[in-house]
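Novice: I'd like to ask you about the structure that follows.
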Amino acid sequence: TQVYNFSSGPAMLPAEVLKLAQQELCDWHGLGTSVMEISHRGKEFIQVAEEAEKDFRDLLNIPSNYKVLFCHGGGRGQFAGIPLNLLGDKTTADYVDAGYWAASAVKEAKKYCTPNVIDAKVTIDGLRAVKPMREWQLSDNAAYLHYCPNETIDGIAIHETPDFGDAIVTADFSSSILSHPLDVSRYGAIYAGAQKNIGPAGLTLVIVRDDLLGKAQTACPSIIDYTVLSENDSMFNTPPTFAWYLAGLVFKWLKKQGGVAAMDKINQQKAELLYSIIDHSDFYRNDVAPANRSRMNIPFQLADSALDKLFLEESFAAGLHALKGHRVVGGMRASIYNAMPLEGVKALTDFMQDFERRRG
Ligand code: PLP
């Protein structure tokens, strides 16, 4: 059977990319060695690195006054990286809490400052939602604002584009980067772990406006100091070279698909298909308000949770993998990042309807 992997991350990669990586694995570009065995300082790898950065910049239309950093440490690394680099002489920053990952960022930030937490979680007609941006009460003395536009676990998204005047907006795009066009100029810093829409785990991308460099705390470890990374082209220490190379292949694949505008379209189709099957059934439910529904991570519950185990067993047998919801919310979750084709979501919805007919 054709397998579709709905894992929230590390997640499915484009089959075409994996095939190419496999072909090149032992003999990269005729060198007789793998790309993961060569020096990051040699001209061969530098070319891989530069091309990946260029393609990433093209895809997101990143203005030239922004640096792109290829880092270690994951999304959680940047929960520390943001305050350590951007607090400057301030002692507070605004943190919007709309879900699990935003709250986790607050927890880490508390080691470095006293965050002003803006609780943006609301319930509308019994559905989970997020306060619109115009209702976020920013404080006067905050170094920056931080929020998470796509809550991977909660299945909640903030689709608005920030417009807060001079306030420095930072955002955790770990689970939605490259899934839709993005106006980078609205942000001071954006970061994303690679393992969902970019490539393998171990690589984290940071996009930071260059006038924000040079403010890191003295205690900031050099390996997450944006200025040090920038001055060393993300090679202050040995970067995750294989992940960087693979991310580069994914960027080329994305360009071939028509870039992020094309992905946005198909991602909307995929999400609409899955939500419509959930909404037109009493057997399945999703409790997120339509305006805040994620297009990447779609949690759903079975009306009878006693059937959860059977649903997971049968879906797995049908080639639909990793549908178990996160342990903190239970139920099911389908993560449908860029690499998930529309056919994968069709296979899932066909299975769901069939399961409902048989067990409903
Ligand atoms: N932020 C978001 C939105 C995530 O989905 C995750 C992980 O799933 C993280 C942060 C943490 O990332 P990492 O495990 O790379 O530290």
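Table: residues versus (1) open to solvent by 10 Å² or more (accessible area, probe 1.4 Å); (2) outside any helix (DSSP H, G or I); (3) within 13 Å of the ligand (Cβ to nearest atom).
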{"site": "L69", "(1), (2), (3)": "no, yes, no"}
{"site": "Q78", "(1), (2), (3)": "no, no, yes"}
{"site": "I82", "(1), (2), (3)": "no, no, yes"}
{"site": "K90", "(1), (2), (3)": "yes, yes, no"}
{"site": "Y95", "(1), (2), (3)": "no, yes, no"}
{"site": "A103", "(1), (2), (3)": "yes, no, yes"}
{"site": "E108", "(1), (2), (3)": "yes, no, yes"}
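Novice: Kindly indicate which of K121, K90, K67, K110 is more than 30 Å from S230 (Cα to Cα), at pLDDT 95 or above and more than 18 Å from the chain's Cα centre (by Cα).
Specialist: K121
Novice: Going by the conditions given, is A11 in a helix (DSSP H, G or I), in contact (Cβ under 8 Å) with a residue 12 or more places away in the chain and either surrounded by 18 or more Cβ atoms within 10 Å (Cβ to Cβ) or at positive phi (or both)? Steps first, answer last, please.
Specialist: Numbers: in a helix (DSSP H, G or I): no; in contact (Cβ under 8 Å) with a residue 12 or more places away in the chain: yes; either surrounded by 18 or more Cβ atoms within 10 Å (Cβ to Cβ) or at positive phi (or both): yes.
Taking the combined requirement at face value, the residue does not satisfy it.
Novice: Something else: Considering segment 169-189 alone, what residues qualify as being within 10 Å of the ligand (Cβ to nearest atom), among the hydroxyl-bearing types (S, T, Y) and open to solvent by less than 10 Å² (accessible area, probe 1.4 Å)?
Specialist: S175, S176
Novice: Hey, can you tell me all the residues within segment 146-160 that are away from the ligand (no atom under 11 Å from the Cβ), assigned to a loop (DSSP other than H, G, I, E, B) and in contact with a strand residue (DSSP E or B) (Cβ under 6 Å, 6 or more places away or on another chain)?
Specialist: Answer for segment 146-160, where residues must be away from the ligand (no atom under 11 Å from the Cβ), assigned to a loop (DSSP other than H, G, I, E, B) and in contact with a strand residue (DSSP E or B) (Cβ under 6 Å, 6 or more places away or on another chain): G155, I158.
Novice: How many residues, within segment 139-157, are surrounded by fewer than 24 Cβ atoms within 10 Å (Cβ to Cβ) and polar (S, T, N, Q)?
Specialist: Final tally of qualifying residues: 2.
Novice: Within segment 296-307, can one find any residue that is touching a residue at least 60 places away in the same chain (Cβ under 8 Å), open to solvent by 20 Å² or more (accessible area, probe 1.4 Å), in a helix (DSSP H, G or I) and under 22 Å from L323 (Cβ atoms)?
Specialist: no
Novice: Could you please find all residues in segment 205-264 being under 22 Å from N338 (Cα atoms) and among the aromatic types (F, W, Y)?
Specialist: Within segment 205-264, F242, W244, Y245, F251, W253 meet the criteria.
Novice: Taking the condition acidic (D, E) and near the ligand (Cβ under 9 Å from one of its atoms), does D163 pass?
Specialist: No.
Novice: Exactly one of these conditions fails for G199: (1) more than 16 Å from the ligand (Cβ to nearest atom); (2) small (G, A, S); (3) open to solvent by less than 10 Å² (accessible area, probe 1.4 Å); (4) over 21 Å from A105 (Cβ atoms). Give me its number.
Specialist: Only one criterion in (1) more than 16 Å from the ligand (Cβ to nearest atom); (2) small (G, A, S); (3) open to solvent by less than 10 Å² (accessible area, probe 1.4 Å); (4) over 21 Å from A105 (Cβ atoms) is unmet by G199, namely (1).
Novice: Now a separate question. Of the conditions (1) assigned to a helix (DSSP H, G or I); (2) closer than 21 Å to E160 by Cα, K255 clears all except one; give me its number.
Specialist: Tallying (1) assigned to a helix (DSSP H, G or I); (2) closer than 21 Å to E160 by Cα, K255 fails exactly one: (2).
Novice: Confirm whether K215 is over 13 Å from the mean Cα position of the chain (by Cα), within 16 Å of the ligand (Cβ to nearest atom) and open to solvent by 50 Å² or more (accessible area, probe 1.4 Å). Even if it seems obvious, please write down each step before you answer.
Specialist: Values: over 13 Å from the mean Cα position of the chain (by Cα): yes; within 16 Å of the ligand (Cβ to nearest atom): no; open to solvent by 50 Å² or more (accessible area, probe 1.4 Å): yes.
No, not satisfied.
The values are calculated or read from the model by the stated rules, or taken from the named source; none is laboratory data. Please read these numbers as outputs of a predicted model, since none were measured by experiment. No Cβ is skipped: glycine too gets one built from the backbone with ideal geometry, and neighbour counts run over all protein chains shown. Note: accessible area is taken over every heavy atom of the protein model, side chains too, but ligands, DNA and RNA are not part of it. Shrake-Rupley method; radii C 1.70, N 1.55, O 1.52, S 1.80 Å.
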